[in-house]
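Let me begin by presenting the structure, written as structure tokens, before commenting on it.
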Amino acid sequence: METAEKIKWKVEGMDCPTCALTINKYLEKEGMENVKVNFATGDVSFDLRGVKHEADLSKGLSGLGYSIVDDQEVHAHSHNHAHEHDHGRQGGWLKTNMQRFWFCLPFTLVLLLHMVPALQHSWLMQPWIQFGLTLPVLLVGMSYFGVSAFKSIRNRMPNMNVLVTIGALAAFVYSLYGTLTNQHDYIFYETAVTVITLVFLGNYMEEHTVSSTQAQLKKLAQTQVVMANMIAYDHEHNENVFPVESTALRTGDLVLIKSGEQVPADCKILWGDAQVNEAIITGESVPVAKQSKDKLIGGSIMVDGTVKAQVTAVGKDSVLAGIINMVNEAQGEKPPVQQLADKISAVFVPVVLLIALAALLINWAILKDFTPALMRAIAVLVIACPCAMGLATPAAIAVGLGRGARNGVLFRNATTLENFKDIKQIVFDKTGTLTTGNFSVADFRILDATISEETFKTLVYSLEKYSNHPIAKSLAGAWKMNKEIRWKTIREEKGQGLFATDKEGIEYAAGSYDIISDPAIPAAHNIYITKNNQLIGTIDLKDELRPEARTVINYFHSKNIKTILLSGDRQSKAQQIANELGIDEVIAEKKPEEKLAIIAEKNAQVPTAMVGDGINDAPALAKATIGISMSDASQIAMQTAQVVLTNHGLKNLPLAMGLGKHTYKTIKENLFWAFAYNIVALPIAAFGLLTPMFGALVMAFSDVVLALNSGRLVVKKVV
């Protein structure tokens, strides 16, 4: 099977969501797979398949009126011409919609003066002077809308600019005809310029909406470049500290981070203690204590203390880059609700052109006068707003994902946000999810009289230090010994325990009741220690519940969502925790592969979310409708979960669910507005109840309504 190369581009010139749709359709038509176009950021990614080369596709995009900017240019904002190629097609020295709007506005205002009765017969109203005032606006408008419209028609993918171009040109050509034949009733130059000016204003507002929803991510991204104090040693091994930009750091470099400074990159403390504010990742501003061997996340702030640390990840491998990338990719994803809007947007422009033509012919036949008929047709063209349909989903998703990221809730894709509305039951893993994952030894018994307490503890420590399981880590920490047994072999069996052989060939094991072969031994303990398959001791542990666990369970009950505890632990232990928290159902004593089967079965009944700590729960998390991982930020990349709660943020679980539901609700409101607006506005324009100028203003306003509605998600109470 041929492997596909993953291509990522930064594309310039996407000025509305319809453009993103055009690029998407073009790449799919060329046989590319997995196409994701993020209108908000200009990111385009796809799998390169077949005989097409990247250069051919790039050329094809240029033909559509878009240009690809390479990474160096994006970072350096270099002044070379490739970077400005796209702007060249968009009106030469006028580079932004805001600049174009301000350029056109004075001409438009002068042309509108004839509405003032006292000025109706002044020299300003001479047709040729009006023609002269219209020309600069028309040239700027056509170099932007016209070129884009022409390219989109040539590629049989008509976009929104076709409507604006035809509307403005129709008004201009008709007015020119009036000027040449000296028929003053035919002159509507102000219609042509007002349409162009107001659509530039609308485009600017739309860009502004999208960029403000991106602001959260930009804030995260900006924290990635800071000054760092790098430690280097001279030939006499003297320590020297000198400042470098964090982008110059490489994995393995040593840095000195002082109180009040920002951590320049992901690193591991070698020396020193500190209090660190990790709000950038977790949304929690309460400082976290860090000591030697602890990890620091790039972008967090040293509140107190000085440390020397070694850089563990830089650039795109860092935790923060992982988060930004995850949110960006999620924004490029289309949830199912958007696909319907896309299908409608694709046929929207041709349909509007037909409605405008019908309005022209029917009104002309009824009114027996071409002028008002043409005005009505132009109003239809101008008021139609496919952008609103295209913007409805991305705007809401960008805000929802951004708010989640700021509060330590990361969604892997937009579909997950939408799926939250269907969840009817939620399955919790116990260890590390509802509990803190820290265990203390409640009791232990040594059943072999020949073994002293110290030998027993050394044996347990020597076994458990080889596992990453929360129980093993807690035990190894509690019984840490200076001396340990050197094993000849040691292996870990998931869901069972650790098995080792010493130099003399004696076999030892530490694990769950599964390692016991004698049915006479009761299953009443957490850990069993065996020597050559004979039981030599048992250990009982108690794990502490997370303080927020009860609140979270109560929240789901208040929303009529069933809660289930799924654990590998013993039934009695699991039941005790379920009773304490008020959990509805308990399924205990299950191995990872059994958990997978249970989740599959639950999912088949009703949509199910699962929350786990992401190590042994990975397969089950992937199987759930929504897999939610309780994980350290450093493990984000490894997760199979669709939602990651950073820094063990169980308390953010209701926020994740609330954001999902409310983002979907906002998308529905946005789409309702976009469709209702078009369904109501088009007939009003066709019946002559709206002038083209007012139509252009209302069109710009429709995008603003969506922007405001999506913006509410930033502050809306979702939990």
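Odds and ends about this structure:
- Applying the criterion of being modelled with pLDDT of 90 or more and crowded, with 17+ Cβ neighbours inside 10 Å to the residues of the range 259-306, the residue that is farthest from E245 (Cα to Cα) is I269.
- Filter result (assigned to a strand (DSSP E or B), in contact with a Lys or Arg (Cβ under 9 Å, 6 or more places away or on another chain) and not hydroxyl-bearing (S, T, Y)) within the range 482-517: L498, F499, A500, E507, A509
- Only listed residue being surrounded by fewer than 22 Cβ atoms within 10 Å (Cβ to Cβ), within 21 Å of E28 (Cβ to Cβ) and of a type in the set (A, V, I, L, M, F, W, C), chosen from M157, M142: M157
- In the range 444-477, the residues that are more than 47 Å from the chain's Cα centre (by Cα) and acidic (D, E): D448, E453, E454
- Filter result (assigned to a loop (DSSP other than H, G, I, E, B), without any contact (Cβ under 8 Å) to a residue 40 or more places away in the chain and out of contact with any strand residue (DSSP E or B) (no Cβ under 6 Å at 6 or more places or on another chain)) within the range 19-70: E30, G31, G50, V51, K52, H53
- G91 part of a loop (DSSP other than H, G, I, E, B), of a type outside the set (A, V, I, L, M, F, W, C) and either at pLDDT below 80 or in the same structural domain as S152 (by TED's automatic domain parsing) (or both): yes
- Residue match in the range 698-707 (condition: farther than 16 Å from N203 by Cβ and in contact with an Asp or Glu (Cβ under 7 Å, 6 or more places away or on another chain)): no
- Selection count where residues are loosely packed, with under 14 Cβ neighbours inside 10 Å, small (G, A, S) and at negative phi, scope the range 28-57: 1
- Test: residue in the range 618-629 that is surrounded by fewer than 19 Cβ atoms within 10 Å (Cβ to Cβ), of a type outside the set (S, T, N, Q), assigned by TED's automatic domain parsing to the domain that holds E418 and in contact (Cβ under 8 Å) with a residue 60 or more places away in the chain: no
- For the residues I446, I426, the requirement of being buried (at least 20 other Cβ atoms within 10 Å of the Cβ), at negative phi and at pLDDT 85 or above singles out I426.
- Each residue in the range 260-278 was checked for being touching a residue at least 40 places away in the same chain (Cβ under 8 Å), over 16 Å from S292 (Cβ atoms), assigned to a strand (DSSP E or B) and not charged (D, E, K, R), and 1 of them qualify.
- For the range 145-154, filtered to residues that are at pLDDT 85 or above and not aromatic (F, W, Y), the residue that is farthest from N24 (Cα to Cα) is G146.
- Note on the range 467-481: residues that are farther than 15 Å from G495 by Cα, part of a loop (DSSP other than H, G, I, E, B) and not aliphatic (A, V, I, L, M) total 2.
- When each of R550, R546 is tested for being of a type in the set (K, R), surrounded by 19 or more Cβ atoms within 10 Å (Cβ to Cβ) and within 35 Å of the chain's Cα centre (by Cα), the lone residue that passes is R546.
- For the residues N579, N560, the requirement of being loosely packed, with under 14 Cβ neighbours inside 10 Å and in a helix (DSSP H, G or I) singles out N579.
- Strands (runs of 3 or more DSSP E) wholly inside the range 370-465 that include at least 1 residues being small (G, A, S) and not assigned by TED's automatic domain parsing to the domain that holds I564: 435-446
- Here E492, E453 are screened, and the one residue that is farther than 30 Å from E593 by Cα, acidic (D, E) and in contact with a strand residue (DSSP E or B) (Cβ under 9 Å, 6 or more places away or on another chain) is E453.
- Listed by first and then second residue, the pairs linking a residue in the range 482-494 that is free of Cβ contacts under 8 Å to residues at least 12 places away in the same chain to a residue that is surrounded by 11 or more Cβ atoms within 10 Å (Cβ to Cβ) and not hydrophobic (A, V, I, L, M, F, W, C), with Cβ atoms under 9 Å apart and 6 or more places separating them unless they lie on different chains, are R491/Y466.
- For the residues V337, V351, the requirement of being at pLDDT 70 or above and either outside the structural domain of S300 (by TED's automatic domain parsing) or assigned to a strand (DSSP E or B) (or both) singles out V351.
- Test: residue in the range 462-476 that is touching a Ser or Thr at 6+ places or on another chain (Cβ under 6 Å) and either crowded, with 17+ Cβ neighbours inside 10 Å or within 26 Å of K595 (Cβ to Cβ) (or both): yes
The values are calculated or read from the model by the stated rules, or taken from the named source; none is laboratory data. Everything quoted here is computed from the prediction, not taken from an experiment. Note that we place each Cβ from the backbone using ideal geometry, even for glycine, and neighbour counts take in every protein chain shown.
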